[in-house]
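Structure incoming, see below.
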Amino acid sequence: MRRFVFSALLAASLSANAAMVAVAVWHHRPVPSGEPLLFSRVTLDADQRARISELRSRLVSTRESHGRRIAALRQQLAGVVMRQPADPIAVDRILGAIADDQAAYQRAVVEHVLAVRDVLRPEQRPAFEKMVGEQMSLGGTPPCGACAMPPAE
């Protein structure tokens with residue numbers, strides 16, 4: 001029974017990790033030529049560009065720190081799962097920490113989207129909100145690249 005529980009936990013963790021990798025690959029795929037960037041439909045003034053660039057820089061930094069923490073937790077999980085005898089309490093603790101960190105990053109992404117929306121003028125928001133809705137309907141949250149801006153004109 002114990003082996004089954006540990007195998008199930010390991011399978012669940014590996015499945016969650018595979019899903020995260022798939023989402024990350026999808027969100028960081030190259031933009032095909034001709035596909036508009038998020039703000040190709042919105043004309044931004046210089047102040048908006050600067051503010052959104054700062055927000056994006058913060059999100060990228062947040063993504064990197066969460067990525068490092070989750071990688072370290074996964075490494076710990078692998079060690080705990082392979083240890084004899086296995087420690088189900090440690091497995092649960094590490095899985096909980098991974099889930100907490102993933103949820104914290106998702107909250108950061110939502111806060112980022114809301115902050116970007118706040119930078120936009122009311123007439124700019126519908127295009128932004130439509131694109132965010134499209135990204136979320138694909139099963140993920142908008143990647144930080146969703147707020148990438150076209151090259152300066």
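State all residues of region 113-137 that are of a type in the set (Gly, Ala, Ser) and either in contact with a Phe, Trp or Tyr (Cβ under 6 Å, 6 or more places away or on another chain) or exposed (fewer than 13 other Cβ atoms within 10 Å of the Cβ) (or both); if no residue qualifies, say none.
Scanning region 113-137 gives Gly133, Ser137.
Next up: Please work out which one of (1) closer than 26 Å to Gly133 by Cα; (2) without any contact (Cβ under 8 Å) to a residue 60 or more places away in the chain is the condition Arg69 fails and give its number.
Of the numbered conditions (1) closer than 26 Å to Gly133 by Cα; (2) without any contact (Cβ under 8 Å) to a residue 60 or more places away in the chain, the odd one out for Arg69 is (1).
When only residues in region 117-153 that are in a loop (DSSP other than H, G, I, E, B), at pLDDT 55 or above and in contact with a helix residue (DSSP H, G or I) (Cβ under 9 Å, 6 or more places away or on another chain) count, which is nearest to Arg56 (Cα to Cα)?
Of the residues in region 117-153, the ones in a loop (DSSP other than H, G, I, E, B) are 120-124, 138-143, 148-153.
If we keep only those that are at pLDDT 55 or above too, we end up with 120-124, 138-140, 142.
Filter once more, so that each one left must be in contact with a helix residue (DSSP H, G or I) (Cβ under 9 Å, 6 or more places away or on another chain): 120-121, 124, 138-140, 142.
Details: Leu120: 14, Arg121: 18, Gln124: 18, Leu138: 21, Gly139: 21, Gly140: 18, Pro142: 12 Å.
Only one residue fits best here, namely Pro142.
Follow-up. Which residue pairs have Cβ atoms under 9 Å apart, sit 6 or more places apart or on different chains, and have a first residue in region 74-98 that is under 28 Å from Arg63 (Cα atoms) and a second that is in a helix (DSSP H, G or I) and among the aromatic types (Phe, Trp, Tyr)?
As it stands, the answer is Val81/Phe6; Val91/Phe6, since those pairs meet every condition given.
The values are calculated or read from the model by the stated rules, or taken from the named source; none is laboratory data. From a predicted model like this one, the values you see are computed outputs, not experimental measurements. Glycine gets a Cβ as well: all are built from the backbone with ideal geometry, and neighbour counts include every protein chain shown.
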